[in-house]
Amino acid sequence: MGDFWFEGSEPFATFPILGAIGNVLSAPYVCSSALFSGNGSGGRYISNGKLLSRRPRGIDSKKRLWTNVLLALNVLAYVAQVASQGKLLLWGAKINSLIDRGQFWRLATSSLLHADLTHLAFNCFSLNSIGPMVEMLTGPRRFLAVYFSSALAGSLMSYRCSASPAVGASGAIFGLVGAHAVYMWRHRRFFGNSRESLEHIGRVVVLNMGMGLLSRGIDNWGHLGGLLGGVAMAWFLGPAWQYQYVAKDGRAVFKDRAPVLRLIKG
């Protein structure tokens, strides 16, 4: 990937920017899980102000550090579930009656727990597919903020609208998909296939939500809450790159105009 010069709150620095979302596939899964796959689509990316015809084969491990940490956290939580013989699951699941009694931690811990090994595998696969892309495009701090706020938003929506117990990271994953959609929409002028990517994301979300309506055991309210939470946080936190000028070395200069930065600066 080529580099752009970006101007932010700190001195100039170069950041790689991926030009298109990879293919996102969907499949139904019972137990509050959604499947997102990041298989290659032949998308294009930007270098020195031009869209190129090829895309990188992979993402540097340094640019997906926190995705790996989240994957490990989910796996370790499941190991702890097994070791505790289900006691951790009972302690941390979203159970409305217990939340009503003041056990508010369940709104956060439920997103780290999973119903069984298949549930964990599907959500880890989805996180591994969409996570590195969002982490690279938004940066680690924004990525983590979107992930955890989406998880909490999904739990809150499920608590308000669904009486059934729930666990799983799918709300957070839906939030990452929403954040990716916001990024593509905001920077659609820079990408040759942004409309196709946004339409594809829309089809994936609609298909997953539709399968949730037709299948028992899927917490669609949690998915919807996570998606809306991810969209809201991504819009507020950014990035929202705006073109400034072309530097002497021919590189385009952009500045981050995210609402949170404008709010901080007054």
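Side notes on the structure shown:
- Gyration tensor (alpha-carbon) shape descriptor, the stretch 141-266, a/c threshold 1.5: oblate
- Alpha carbon convex hull of the stretch 84-160, volume per residue in cubic angstrom: 101
- With every protein chain in place and a 1.4 angstrom probe, the accessible-area ranking of TRP221, TRP185, largest first, reads TRP185, TRP221.
- Near ALA232: Cβ cut-off under 15 Å, other residues only, Lys/Arg at +1 and Asp/Glu at -1. The net charge is +2.
- The stretch 63-114: C-alpha gyration tensor shape, a/c 1.5 cut-off, then a/b vs b/c: oblate
- Rounded percent of accessible protein surface that carbon and sulfur make up, the stretch 115-228, 1.4 Å probe: 63
- The simple spin-label model puts a point 7 Å past each Cα toward its Cβ; for LYS255 and ALA108 those points are separated by 3.7 nm.
- Summary of the geometry: the stretch 91-140 and the stretch 168-190, compared by the centres of their Cα atoms, lie 17 Å apart.
- Here r is the Cβ-Cβ distance between ALA163 and TYR245 and R0 is 45 Å; the resulting FRET efficiency, rounded to 0.05, is 0.20.
- Cα-based shape type of the stretch 220-266, given that a ≥ b ≥ c are square roots of the gyration tensor eigenvalues and the cut on a/c is 1.5: oblate
- For the stretch 97-215: accessible area per residue (Å², 1.4 Å): 43
The values are calculated or read from the model by the stated rules, or taken from the named source; none is laboratory data. Values in this document were obtained by computation on a predicted structure and should not be read as measured data. With ideal geometry, Cβ positions are generated from the backbone for all residues, glycine too; neighbour counts draw on all protein chains shown. In case anyone asks, the SASA skips ligands and DNA or RNA and just uses the protein heavy atoms, side chains included. Shrake-Rupley method; radii C 1.70, N 1.55, O 1.52, S 1.80 Å.
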